[in-house]
Structures are given as C-alpha cells and as structure tokens.
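Reading through the structure tokens given below for one structure.
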Amino acid sequence: MRKFLWAACLAVLPFAAAAQVTTDWPTKPLTLIVPFGPGSSPDTMARAIAEEASTKLGQPIVVQNKPGASGNLGTAQIAKAKPDGYTFGVSITGPLVNNTVLYSDLPYDPKKDIDPLTLGVHQHNILVVPANSPIKSFDDLLKAMKSQDKPYNFPSTGAGTVSHLAVELLLERTGGKAVHVPYASSPAAVTSLIAGDTDFAALPPIAVMPMIKDGRLRALAAVSKDRLSFLPDTPTIEELGVPGIEGSGWIGFVAPAGIPADVQQKLSSALAGAINAPAVKERLATLFMEPAANSPQEFRQYMDEELNRWEPLIKRLNLTVN
C-alpha cells in the first residue's frame with residue numbers, strides 16, 4: 001500500500017511542478033517578435049505597449065524585429081516558438097487573415113498554430129480625394145464611378161491589402177467601376193493622389209491625416225463602423241448608406257498555440273492594461289491609432305469575421321501571391 005501511495009505521489013509531482021511554473025510566471029525576460037522592421041507601425045505600437053506591459057509583469061520585454069515575406073516570416077517564428085508565454089509577438093491583418101487565402105504554402109496556420117492574446121489597435125482607412133478634385137462628397141464619388149464619363153482609378157499599398165480590398169468591396173456593393181493601381185507603400189500611393197495620377201483612395205490614417213490637415217487631401221468618409229476619434233466630423237461609409245464595409249489595418253498580439261491558459265490570461269490582461277494606460281493612449285493618438293484591447297476569445301472572433309469579410313472577395317478577384 002505504501003509503495004502504491006509513493007508511486008502515486010511521484011506521478012503527480014511533474015504536474016504540480018508545471019502548475020507552479022505557470023503560477024509564478026513570468027520569472028525571466030520575455031521576447032516580443034515584430035514581423036516588420038524598426039520604425040514600422042507595428043514596431044512603434046509594439047514598443048510603446050511593451051514598455052508599459054513590462055512594468056505590469058515585473059519583467060523586461062525585449063523586442064526582436066523579424067521582417068520579411070509581408071510579415072509571414074516573423075509570424076511563422078511566433079507560431080513555432082516554445083508555447084510557454086515567454087515568446088509572443090504582434091502581427092497584422094495580412095499574416096493572420098488575408099495571407100491564408102493569398103498564399104498557397106503559408107508556413108503556419110493561424111487557427112491551429114497561433115493563440116490570440118488581444119487586439120492592439122485599429123487603423124481604419126480614410127476615403128480621400130485630392131483637394132482640387134471635382135469630387136466634393138461621397139455621393140459625388142459614387143455617381144462619378146457609375147457614370148464613367150472618365151475612367152477612375154485608385155491606388156493601394158498592394159494587391160490583397162486592406163487599402164485595395166476595402167475599395168473593391170465598395171465597388172461591389174455600389175455597382176461602381178474603377179481601376180486598381182498598386183503601389184509599394186502608403187507614401188507612394190499618396191504621392192500618386194497629390195500628383196493627379198490617381199483619383200481617390202482608402203488609405204491608412206497615418207499616411208493621409210497630415211495631408212488632410214494641411215488641405216492637400218479631402219476626406220470623404222471613414223472606412224469604419226464608428227466615426228474616428230481624430231476625424232469626428234467625417235461620417236462613416238455606413239452612415240452614408242453603404243453598410244458592412246470596414247477596412248482596418250489592425251495590429252494585434254498573438255502567441256504560439258498551446259500556452260497555458262493562466263499564462264495566456266495573465267499576458268493578455270497585462271497587454272490590455274498597457275493599451276488602455278493613459279500615457280500609451282496618448283502616444284497611440286499621435287500615430288492616429290485607436291486602442292482596441294479585448295479578450296483572446298473576442299480577438300479570435302474578430303479574425304474570423306475578417307476572414308469571412310475578405311476571403312470571398314479575394315477569391316472573386318482571383319488574387320494570389322504564390
């Protein structure tokens with residue numbers, strides 16, 4: 001009987017030790033992988049939030065930039081990391097949603113290999129035209145795209161990006177026609193508008209707000225469910241009569257699948273608390289980023305909604321990368 005009890009105790013010890021490890025977590029510095037280069041929007045956001053979150057967790061958070069393959073490289077490294085909570089990362093719409101449809105050989109599956117922690121920020125696109133455009137309102141734009149008195153075109157930051165898909169969805173819902181002109185970056189797309197090479201666009205706020213403020217671009221509508229805090233007088237596309245169009249270059253925090261539930265909750269709570277900290281919110285506001293902290297379950301649901309929004313459109317447009 002004594003031998004049986006002793007064996008039972010030995011069998012339980014590893015599980016007790018594991019439970020102790022997660023209860024005490026974290027006991028060493030954490031690594032935060034950013035799948036984009038230093039100075040990028042995900043990098044700037046990640047560093048601002050990580051600094052605050054580290055104080056809540058009582059351990060440093062070391063940022064590692066792993067750019068490449070449109071964010072897929074760094075996101076794959078997050079997915080393949082040891083699931084102990086000590087390595088996590090940020091990623092965006094592309095690697096977590098759209099690229100699962102655009103790429104045929106993605107080296108990870110966001111649904112199987114990644115656990116969501118919290119959405120970080122929204123960067124809802126703004127529908128804009130050059131200030132000297134004859135288009136003065138959203139209705140003017142719709143009429144112009146339907147009349148086809150002249151061919152209209154719009155720039156984006158690349159095929160399959162939110163700045164491309166949001167306009168394609170608008171065209172689909174309204175029966176408008178316009179030609180897509182992809183560019184390598186937001187600044188290049190904005191330059192095409194200012195130069196008159198393109199007619200209108202739905203681009204990230206960080207790219208267009210300075211030109212809206214100085215009068216070089218005119219904002220027609222926010223591509224969001226709610227009005228933007230930094231552009232409160234500009235209506236949303238839904239308010240203007242076209243529901244269901246939301247285009248956000250969001251950024252969120254994720255971890256490798258299989259991290260202990262209590263670690264996931266502790267890390268998620270620390271990040272959400274950091275996102276909502278007054279100093280961090282002030283910093284994000286300077287970047288025209290809107291805080292969007294939520295639970296892991298809510299973040300997973302939002303990614304599913306995004307996939308349902310964009311997958312049919314990507315397939316209809318026959319967009320592929322490889």
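The values are calculated or read from the model by the stated rules, or taken from the named source; none is laboratory data. Quantities reported herein were computed from a predicted structural model and do not represent experimental measurements. Counting neighbours? That spans all protein chains shown, and the Cβs are built from the backbone with ideal geometry, glycine included.
Residue-level check: of (1) in a strand (DSSP E or B); (2) modelled with pLDDT under 95; (3) not acidic (Asp, Glu), Val129 misses just (2). Taken as a whole, the structure places Ser70 among residues that are of a type in the set (Ser, Thr, Tyr), surrounded by fewer than 23 Cβ atoms within 10 Å (Cβ to Cβ) and at positive phi. Evaluated against (1) under 30 Å from Glu172 (Cα atoms); (2) outside any loop (DSSP other than H, G, I, E, B); (3) touching a residue at least 12 places away in the same chain (Cβ under 8 Å); (4) not β-branched (Val, Ile, Thr), Asp304 falls short on exactly one condition, (3). Residues in the range 51-70 that are among the small types (Gly, Ala, Ser) and either under 11 Å from Ile33 (Cβ atoms) or not in a helix (DSSP H, G or I) (or both): Gly58, Gly68.
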